[in-house]
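Before any comments, here is the structure.
The values are calculated or read from the model by the stated rules, or taken from the named source; none is laboratory data. The structure displayed is predicted, hence computed values, not measured ones. Please note: Cβ atoms are built from the backbone with ideal geometry, for glycine as well, and neighbour counts cover all protein chains shown.
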Amino acid sequence: MPGTWEVTTSLTSHQRLDVLTWINYLEAHLGREAIDEARRRAVVHATPAQHWLRYADAHLAGYAMVSGELDPSLEMAGGGFDDDLLTRVLEIHPQIDWWTRGPQARDSGVDLRTLQFLRVDLPVDLEPIPAGALLRIFDPARDEVAWLEQNNAAFASHPEQGAWRRGDLDARTREPWFDPSGFLVLEIDGVLVASCWTKVHELYEERFGEIYVVSVHPQYQGRRLGRVMVTQGLETLRRRGVASAGLFVDDSNLSARALYDSLGFRLVREDHLTRFTREVRGSSA
């Protein structure tokens, strides 16, 4: 039987290797990412966080990370749920927001968000670039400040993407998966107004692409620029030999869902963010 959950704020080199091996094992089994990209990056780069580990016979049999201070959130590698871990976490945190990937058995908690993971087969019909607009590849030296301004304006109320800083952008463009040819920006009258950033998931049996970030500045919405950027981004993935692509969208974002539906995206999975508190532990939600 697996042992008890233990917590540390800093992984030893041995634990870090165990966690990365466990994540890689789960990803090979699941055929998808086993944990949120930011959390995986925190393990790879030894970023301080609250790490929960469970060993069985000296082998790692479970891993989860809690991040954030004001509204701490948790995700288990594999995207599951565990009552014993919840009990331990609530001994430390009066409240925890827990991400589960796909259907998971939970007998309590309050659902906060639902993310839909959608997939589409390539190619899709291209939306033409508007007359006078310029579509080009992102240039870090030239575009960092303008892209951050455009992206943060587009996601002003978004919990993850609305407050990016230069360090957040730089960290991602230094990742091994980053390919500048998959990061498109659109200019109108010399102003960066929209973008589509894609990535290719190379290490799975089914190599697939992802619309990583797509956004249009609020002042330029309503001009079909979202369709332009999504279809042009999908085209960059097709040119890199990808046969299908996916993306995440909040189920409450009706306009984005309508766009993706019109392009042929289909629902693959729903992920849920559920809030648990000490006060309501064990009650029905």
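For the stretch 32-60, filtered to residues that are under 14 Å from the mean Cα position of the chain (by Cα), outside any helix (DSSP H, G or I) and aliphatic (A, V, I, L, M), the residue that is surrounded by the fewest Cβ atoms within 10 Å (Cβ to Cβ) is Ala34. Here the condition is being more than 20 Å from the chain's Cα centre (by Cα), part of a loop (DSSP other than H, G, I, E, B) and farther than 25 Å from Asp261 by Cα; of Ala146, Ala131, Ala141, it holds for Ala131 alone.
The residue that is farthest from Arg224 (Cα to Cα), among those in the stretch 92-113 that are surrounded by 14 or more Cβ atoms within 10 Å (Cβ to Cβ) and among the β-branched types (Val, Ile, Thr), is Ile96.
Of the residues in the stretch 167-181, not one is within 25 Å of Ser262 (Cα to Cα) and either outside any helix (DSSP H, G or I) or touching a residue at least 12 places away in the same chain (Cβ under 8 Å) (or both). Scan the stretch 206-216 and give yes if some residue there is of a type in the set (Asp, Glu), within 19 Å of Glu37 (Cα to Cα) and in contact (Cβ under 8 Å) with a residue 60 or more places away in the chain, otherwise no. Yes, there is a match, as at least one residue in the stretch 206-216 is of a type in the set (Asp, Glu), within 19 Å of Glu37 (Cα to Cα) and in contact (Cβ under 8 Å) with a residue 60 or more places away in the chain. From the list Val228, Val242, the lone residue that is hydrophobic (A, V, I, L, M, F, W, C), more than 17 Å from the chain's Cα centre (by Cα) and either part of a loop (DSSP other than H, G, I, E, B) or at pLDDT below 95 (or both) is Val242. Filtering the stretch 117-160 to residues that are among the small types (Gly, Ala, Ser), farther than 18 Å from Phe248 by Cα and without any contact (Cβ under 8 Å) to a residue 40 or more places away in the chain leaves Ala131, Ala141.
With respect to being under 19 Å from Asn151 (Cα atoms), not assigned by TED's automatic domain parsing to the domain that holds Glu27 and not acidic (Asp, Glu), Thr198 fits the description.
The test for being touching a helix residue (DSSP H, G or I) at 6+ places or on another chain (Cβ under 8 Å), among the small types (Gly, Ala, Ser) and assigned to a loop (DSSP other than H, G, I, E, B) does not hold for Ala153.
In the stretch 59-78, which residues are among the hydrophobic types (A, V, I, L, M, F, W, C) and at pLDDT below 95? Within the stretch 59-78, Leu70 is the sole residue that qualifies.
Which members of the stretch 68-109 meet the condition of being of a type in the set (A, V, I, L, M, F, W, C) and in a helix (DSSP H, G or I)? Once the filter is applied, which keeps residues that are of a type in the set (A, V, I, L, M, F, W, C) and in a helix (DSSP H, G or I), the stretch 68-109 yields Leu85, Leu86, Val89, Leu90, Ile92.
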